[in-house]
Each structure stands twice: as structure tokens, then as C-alpha cells.
Amino acid sequence: MLKSKMYFTIFMLYIAIISLLFYACPAPVETESKPSPPQINILLPTNGQTVSTNIMVYGSVSGKYTITEVYLCLNSGSYSTVNLSGNQWFTNLYLTAGSNYIYAYAKDIKDNYSSTNSIVLIADDSYPFVVITSPTNNQRVETNFTLSGIAWDDISIEGVYLSVDGSAYSRVNGTSSWSTNLIVSKATHTLQVYARDNSSHDSAIYQVVVYPMAEQNPFVQAKRLGRGVNMGNCLEAYPNEGSWGVRIEDNYFQLIKQAGFNSVRIPIRWSAHAQTNSPYTIDSEFFTRVDNVISNALANNLVTVINVHHYEELATSPDAHFNRLIALWQQIADRYKDKPDSLYFELLNEPNGALDKTKWNSWIPTLISTIRSIDPTRTIVVGGVNWNSIDGLYDLNWPTNTNLIATFHFYDPFIFTHQTATWSDPSIANLSNVIWPNQIPDPTNTVPMPSGAPSWITDQINYYNAHSDNLPGSKKDISNRFAQVSNWAASHDCPVWIGEFGSYSGVNNSTDMDSRVKWTGYVRTTAEKFGFVTAYWEFCAGFGIYPYKDGPWISGLTNALLSNW
């Protein structure tokens with residue numbers, strides 16, 4: 001019994017000692033390992049290569065953390081930062097004849113530094129040099145684009161050779177000035193060229209990386225237009241802004257934004273401010289004025305649409321003015337290619353007359369390609385003939401290009417929206433007391449038939465006096481025709497913008513505001529029912545919602561455009 005107790009005591013002591021050891025020696029705490037430093041490589045030119053005295057140096061970086069800077073030193077000079085894009089870096093260097101030493105290192109966001117990488121190059125003036133001038137490094141391109149550049153040497157260039165994504169080099173067209181057309185997939189591509197002279201000296205490789213075009217979604221772009229207003233009778237006035245009694249004042253865009261509008265359309269009569277002979281240069285002072293207007297609109301966060309407006313010669317002699325129209329768009333696109341994507345281009349306001357559907361359909365692809373060759377991602381607005389009518393929309397051979405918005409203008413019943421307008425048909429100018437909708441339970445009336453009216457006006461007046469739904473611009477007609485436009489748009493996979501709609505303030509000498517408000521609200525809300533966006537014609541002139549120059553807002557019309565209805 002005593003022996004058993006002794007064994008038990010020894011066992012318990014053993015357990016106690018083990019327990020003390022366990023708690024006295026906790027499991028080791030795992031410490032964070034030191035992060036790996038970044039890595040840097042000099043890829044082109046290669047170590048020991050003989051090159052021209054003017055070269056481009058390329059490399060790559062990698063690391064656990066984001067690389068923030070790459071530093072490079074030439075010979076005994078000081079280190080300076082180079083261009084860094086993602087995991088690639090590049091810079092242009094001017095070497096001295098003979099041996100040149102290049103050193104490079106990288107730093108990451110945690111201030112970890114790579115080891116220094118270095119190469120030696122032999123610079124020789126007798127070696128050729130080649131440059132890709134277009135596209136530039138990191139540029140976005142379409143799947144079909146032109147690659148071009150220049151090459152030079154102290155003797156003649158034998159040829160320039162191109163590799164795409166590491167493919168075998170092949171010769172391109174030209175020598176000292178060269179180009180080639182490329183068709184590539186919608187992906188990132190590495191383009192490398194070198195030049196060879198007639199002494200069989202090869203230049204260092206020149207490289208650019210291009211990225212696929214970031215496509216704008218036209219439905220997203222259209223939605224941004226929202227509820228807008230035209231800055232009419234200003235920059236399209238003839239011969240100059242102010243000639244029609246109004247100007248775009250500096251505070252207007254702030255007022256428009258504060259009221260709740262999303263966008264502005266700026267009609268511009270470029271044709272009155274450009275040379276009539278080639279190269280059709282746009283007047284520099286007028287361009288500067290347009291610059292200021294666009295910048296002001298964009299600065300107030302208004303999506304801005306500019307167009308070619310009132311180019312009246314296109315309606316009478318379109319072929320004689322086609323090249324001038326192209327030249328205008330080349331200048332406009334180049335001038336504003338760096339503006340944000342909240343600036344849109346509209347090809348032409350209200351094609352009509354001799355610019356018929358056949359001719360207009362043949363022009364549209366050329367106009368689009370003219371713009372896109374300079375400004376590939378710009379949103380473009382396209383409307384049909386017959387004054388951008390709904391029927392003109394149906395006559396369009398809708399382009400297959402992306403990022404296009406369809407537009408039409410709506411002024412029916414024309415006998416209502418334009419009555420007393422002196423610039424229209426004389427029978428309209430003498431017409432008054434046309435109300436809307438002129439159907440029970442609203443007030444109704446009849447108007448006398450003006451003498452000498454064309455048939456389209458007499459038809460409208462007959463429908464009006466009969467209080468008929470067949471009147472173009474009746475409530476039923478608006479709903480039915482907008483539904484048809486919606487079906488057309490769905491079949492062509494494009495959004496729709498009503499770029500103009502409005503009623504003239506001369507309607508009944510401005511006494512029938514109730515009809516104007518009802519019509520405006522009905523058009524706007526019906527358009528939105530079908531997913532259309534709108535721009536009222538216009539801000540501060542004859543159809544305006546803000547009397548020039550100090551207002552105040554015409555509340556009935558403004559509410560019809562912006563409020564729940």
C-alpha cells in the first residue's frame with residue numbers, strides 16, 4: 001500500500017513538471033518575413049549592342065508591392081525618374097559616341113529598393129535610328145489602325161521592319177517615312193520596329209504598347225444628357241453672335257445647372273466663320289469664343305453637344321460643300337479631341353433640300369470616320385433628313401459604328417408651335433389663336449383657314465378644327481409616333497435624343513402660356529416614358545424659358561421641363 005502511494009506521488013510530480021514546462025514555453029510567435037525587394041530589368045536595347053546616339057530604352061519591373069518609381073542614370077550623370085506605366089518603363093536617351101553605361105533601379109510603395117541593373121551600349125553615329133510617331137506608347141486604338149513613323153541615318157535607309165507581339169519581323173512600306181495598316185484583335189499589343197541601312201546596320205528596337213479602345217456605351221452616354229436645353233440663336237446667328245438679339249452670357253451655364261438641367265446643346269454656324277476655299281480654315285477668334293463657351297459649360301458639369309448648324313448651302317449645293325464640311329469637322333475634332341467624354345459631336349443640324357436621304361446616307365460614314373480618325377472615342381449624334389424629322393430617322397441607313405446616338409426634332413402641331421413665326425411659311429406667320437390640345441375636356445376652338453396655305457398646313461388646320469386625334473401633335477399622335485420611334489431604336493440598338501422641341505413665345509402674342517406649358521410637359525414626359533432624353537428649344541430667345549438677359553425663369557415652362565408632370 002505504501003509503495004502504491006509512492007508511485008502515485010511520483011506520477012503526479014511528473015504531470016506537474018510537464019504542465020509547468022508547457023506553460024513556461026508557449027508556442028513560438030510567427031514573425032513577418034521581410035518582403036522581397038522589387039525587381040528591375042532592362043529589356044531593350046540589349047547589353048553590348050551597337051546603337052545610334054539617339055535611342056529609346058525599355059524595361060520591366062515586378063515586386064510584391066506596387067512599383068512607384070524607376071530611376072535611371074547615364075554614365076556618370078545623376079539619377080532621374082523615367083516614364084512608368086504598370087510594369088513597364090521607358091525613356092529616350094542621347095548617347096555619346098563610344099561606350100555608354102546605363103544604370104536603373106526601382107522603388108515600391110513601401111520604400112523598398114531594387115538592386116541596380118546595368119548595361120553597356122556602344123553608340124555609333126553611323127547606325128540608323130527609328131521612331132514610331134503614331135500611335136504613341138500606351139495609346140488606345142481601334143482594331144484597324146495605321147502605324148507610322150520615321151527613320152534616319154547618315155546613309156540611306158534600306159528598310160523598316162515590324163514585329164507584332166513577338167511575331168517574325170516583316171518589312172513595312174517606306175523608308176525614311178514609313179507606315180503600314182494593322183488589323184489586330186481587341187487586346188493589348190506590343191509593336192516593335194527597327195530600321196536597317198544600306199550598310200546592313202540595324203537600329204535599336206523602338207517599341208510601343210497599345211491598348212484596345214475603351215468603348216463608350218451610347219446608352220450610358222445618352223442617359224447623361226437627361227433633360228437639356230438649347231443655347232439657340234447665339235453662336236449660329238448670322239453674321240455673328242448677338243446679331244439675333246441674344247448672346248451666351250457668362251453666368252448662363254451656372255443658372256442652367258442650378259435649375260436642374262443636365263445638358264446643353266450649342267448650335268454653331270461654323271460655315272459663316274471659315275474660309276470659303278481650301279483649306280477652309282476656321283477663324284481663330286471665333287474658335288476661341290467657342291472654346292470659352294464649351295469650357296464654361298463643362299466647368300458647370302453640363303454634358304455639352306456641339307454641332308454644325310445652319311450650313312444653309314448644303315441644302316442647295318451639297319456636293320460643292322461636302323469637302324468643306326469634312327474640313328470643318330477635321331478642325332473641330334482636332335481642336336477638342338482632348339476634351340472629356342461629356343462633350344459630344346452632332347454631325348449636322350436638320351439636313352434638308354438637295355441634301356436628300358440618298359446623299360446624306362452616303363456622307364454619314366465618311367463624316368464619322370473623319371472624326372474617329374482624330375478622336376476615336378467621341379460620342380457622335382446622328383439625325384435624318386427632312387429637318388431631322390421622325391420620318392427622316394426611319395430613312396437612315398443606321399451605321400454599324402459604336403457610340404452613336406440617334407436624334408430627331410419635334411414641333412407638331414406645327415400650326416401651334418410656330419404660329420405667328422415670321423420666318424416660316426406666310427400662312428403660319430398670319431395664324432393665331434391655335435391652342436393645345438384643343439380636345440375635350442380641355443378648351444376647344446376653331447381657326448379660319450389662311451389663304452394660300454400649302455396642303456400640309458391646310459390638312460393640319462382641318463384636323464385641328466375637327467378636334468381630331470389625327471392631327472400631327474395630338475396627344476394620341478405623340479404617343480403613337482414616339483412608340484414607333486422606340487421600336488425603330490430597339491431594332492437598331494441605339495438610344496434616342498429629341499435634340500429640339502419647343503413652342504414659339506409669339507403663340508397668341510404670349511397670352512396662351514397654358515397651352516405652351518401643357519404641350520411642353522406632355523412631350524417631355526411622353527419622351528421619358530419611352531426612354532428618350534430631351535433638349536428644349538431654347539433658352540433665352542423666341543422660344544425661351546429665361547428672358548434675355550436677366551430672367552427670371554418662366555416658371556410654367558421650366559416646371560414642365562423639370563418637374564413631375
Review point. So how far apart, in nm, are the two label points at THR116 and SER479 if each is 7 Å from Cα heading toward Cβ?
Key: 8.1 nm
**Study point:** Long-range HN-HN contacts of ASN83 with modeled amide H, under 5 Å
**Key:** PHE90
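Rounded to the nearest angstrom and ordered from largest down, what semi-axes does the equivalent ellipsoid of the chain get from its C-alpha gyration tensor (root of 5λ)? Could you put the intermediate results ahead of the total?
On the way: eigenvalues 819, 318, 84 Å².
Ellipsoid half-lengths, sorted descending, are 64, 40, 20 Å.
Could you tell me what percent of the DSSP beta bridges with both partners in the range 36-125 are antiparallel, to the nearest 5? Mind dumping the intermediate values first?
Numbers: 32 of 34 bridges.
Around 95 percent antiparallel, to the nearest 5.
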Review point. Considering amide H positions built from the backbone, and no H for Pro or chain starts, which residues 5 or more places from TYR58, or on another chain, come under 5 Å of its amide H?
Key: LEU43, LEU44
**Study point:** Coarse-grained scattering of the range 75-155 at q = 0.13, 0.14, 0.18, 0.24 Å⁻¹, given as base-10 log I(q)/I(0) from a Debye sum over alpha-carbon atoms
**Key:** -0.64, -0.73, -1.02, -1.24
Review point. Spin-label point model (7 Å from Cα, Cβ direction): what's the SER177 to ASN41 distance in nm?
Key: 3.8 nm
Review point. Quick one: of the DSSP bridges fully inside the chain, what percent are antiparallel, nearest 5?
Key: 65 percent
Revision key, fill the gap. Counting only DSSP loop positions in the range 371-471, the chymotrypsin sites (Phe, Trp or Tyr not before Pro) whose Cβ has at most 16 other Cβ atoms within 10 Å are TRP423
Check your understanding: Setting aside same-chain residues fewer than 8 positions from LYS357, which aspartates and glutamates have a Cα under 13 Å from its Cα?
Key -> ASP391, ASP395
Study note, to complete from the structure: For the range 36-125, the Cα convex hull volume per residue in Å³ comes to 76 Å³
Check your understanding: For the chain, which DSSP H helices look membrane-span-like by this rule: Cα extent along the axis of 27 Å or more and mean Kyte-Doolittle of at least 1.0?
Key -> 2-24
Point to revise | Taking the convex hull of Cα positions in the range 126-214, its mean projected area over all directions (nm²) | key: 5.0 nm²
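Evaluate 2.2 N^0.38 Å with N set to the residue count of the range 359-455, then give the Cα radius of gyration divided by it.
Details: Rg = 19.3 Å, N = 97, 2.2 N^0.38 = 12.5 Å.
So the Cα radius of gyration is 1.54 times the expected 2.2 N^0.38 Å.
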Practice item. May I ask you to evaluate 6.51 cos²θ - 1.76 cosθ + 1.60, the Karplus curve with θ = phi - 60°, for each residue of the range 264-281 and list the ³J(HN,Hα) values in order in whole Hz, giving x for glycine and proline? Key: 9, 10, 10, x, 9, 8, 4, 4, 8, 9, 9, 4, 8, 10, 4, x, 6, 5
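My understanding is that a pair violates if its Cα-Cα distance is over 28 Å; which of LYS223/LYS257; LYS339/LYS359; LYS359/LYS476; LYS257/LYS529 do that in this structure?
LYS339/LYS359; LYS359/LYS476
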Check your understanding: How high is the FRET efficiency from ILE440 to THR276, r the C-beta distance, R0 51 Å, rounded to 0.05?
Key -> 0.35
Exercise for review: Show that you can apply the helix-only estimate: for the chain, add -39,500 (n - 2.57) for every DSSP H stretch of four or more residues, divide by all residues, and state [θ] at 222 nm to the nearest 500.
Suggested key: -9000 deg cm²/dmol
Review point. In vacuo Debye scattering of the range 463-565, one point per C-alpha: log10 I(q)/I(0) at q = 0.11, 0.18 Å⁻¹?
Key: -0.38, -0.92
Exercise for review: Taking a cut-off of 14 Å between Cα atoms, list the aspartates and glutamates near LYS110, but don't count ones fewer than 8 places away on the same chain.
Suggested key: GLU69
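With r defined as the distance between the Cβ atoms of SER199 and SER62 and R0 fixed at 41 Å, what FRET efficiency is calculated, to the nearest 0.05? Write down the numbers at each step before the final one.
On the way: r = 38 Å, r/R0 = 0.94.
Taking R0 as 41 Å, the efficiency between SER199 and SER62 is 0.60.
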Check your understanding: Using a basic spin-label model with each label point 7 Å from the Cα along Cα→Cβ, how many nm lie between ASP165 and TRP244?
Key -> 5.2 nm
Exercise for review: Grab the Cα-Cα distance for PHE530 and GLU215, subtract it from 0.36 nm times how many residues apart they are, and report the gain in nm with one decimal.
Suggested key: 110.9 nm
Check your understanding: Fewest first, what order do MET231, MET56 take by the number of other Cβ atoms within 10 Å?
Key -> MET56, MET231
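Just so you know, all these numbers are worked out from the coordinates, no wet-lab data involved. This is a predicted model, so every value here is computed, not measured. Glycine also receives a Cβ, built like all others from the backbone with ideal geometry; neighbour counts cover every protein chain displayed.
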